[in-house]
């Protein structure tokens, strides 16, 4: 997807049906990425996040990929990223969502960020797992970037000019259990860029309003790619 600046390396895992791990090299950052449909693995990831950020609640990048059918129950993956840690939770294949993850998403002290993410809330709420996100911010809308793509914002705000998010990957088969390396990279970069953009933009914002209550989401998620 980004052969020069962004690469993905799979790790050997003793039980890949339980979880798979990857290192996504994003420019100079090595992102440890966990891909799983196992509730206990997702629970451990959330507990680790809470422990390492127990003194300050972080910005969290959030993304959702959907099933190609576009049915009401179409959320296939939920990806979260903080710093250099990313979780890709395969909602289409999990038997349950752990309470720790539900509490994190519903915590009104935690803000989740994305770009043109109006569809994400609806996809999560209408999934079979009925996930609720208390505070979800569209960075493009909040900071006046209009229809700018995530790639354009990455170049302007972060100076990352080699980010490519191919349309065909965005609409690929995300309910496949064995997601490809390209899909893993796409989902990870989506959540990581949301996190990085939030850190760059939100930390410079003198306004204490996080924008959660004032957002009216676009129903079609236009401008996402």
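Listed values, structure above:
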read-out: Residue in segment 38-56 that is under 17 Å from the mean Cα position of the chain (by Cα) and in contact (Cβ under 8 Å) with a residue 60 or more places away in the chain present; value: no
read-out: Residue match in segment 139-146 (condition: within 14 Å of the chain's Cα centre (by Cα), surrounded by 18 or more Cβ atoms within 10 Å (Cβ to Cβ) and modelled with pLDDT of 95 or more); value: yes
read-out: Restricting segment 175-186 to residues that are in contact with a helix residue (DSSP H, G or I) (Cβ under 7 Å, 6 or more places away or on another chain) and crowded, with 21+ Cβ neighbours inside 10 Å, the residue that is nearest to residue 58 (Cα to Cα); value: 186
read-out: Qualifying residue in segment 209-216 (condition: in contact with a helix residue (DSSP H, G or I) (Cβ under 9 Å, 6 or more places away or on another chain), modelled with pLDDT under 95, surrounded by fewer than 18 Cβ atoms within 10 Å (Cβ to Cβ) and more than 30 Å from residue 54 (Cα to Cα)); value: yes
read-out: Of the criteria (1) out of contact with any strand residue (DSSP E or B) (no Cβ under 9 Å at 6 or more places or on another chain); (2) more than 15 Å from residue 191 (Cα to Cα), which one residue 151 fails; value: (2)
read-out: Of the criteria (1) at pLDDT below 95; (2) in a loop (DSSP other than H, G, I, E, B); (3) over 14 Å from residue 59 (Cα atoms), which one residue 168 fails; value: (2)
read-out: Which listed residue, of 157, 115, 133, 189, is surrounded by 15 or more Cβ atoms within 10 Å (Cβ to Cβ), more than 24 Å from residue 36 (Cβ to Cβ), modelled with pLDDT of 95 or more and within 15 Å of the chain's Cα centre (by Cα); value: 115
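The values are calculated or read from the model by the stated rules, or taken from the named source; none is laboratory data. Predicted model, so just to flag it, every value in this text is computed and none were measured. Because the Cβ atoms are built from the backbone with ideal geometry, glycine has one as well, and the counts that use them run over all protein chains shown.
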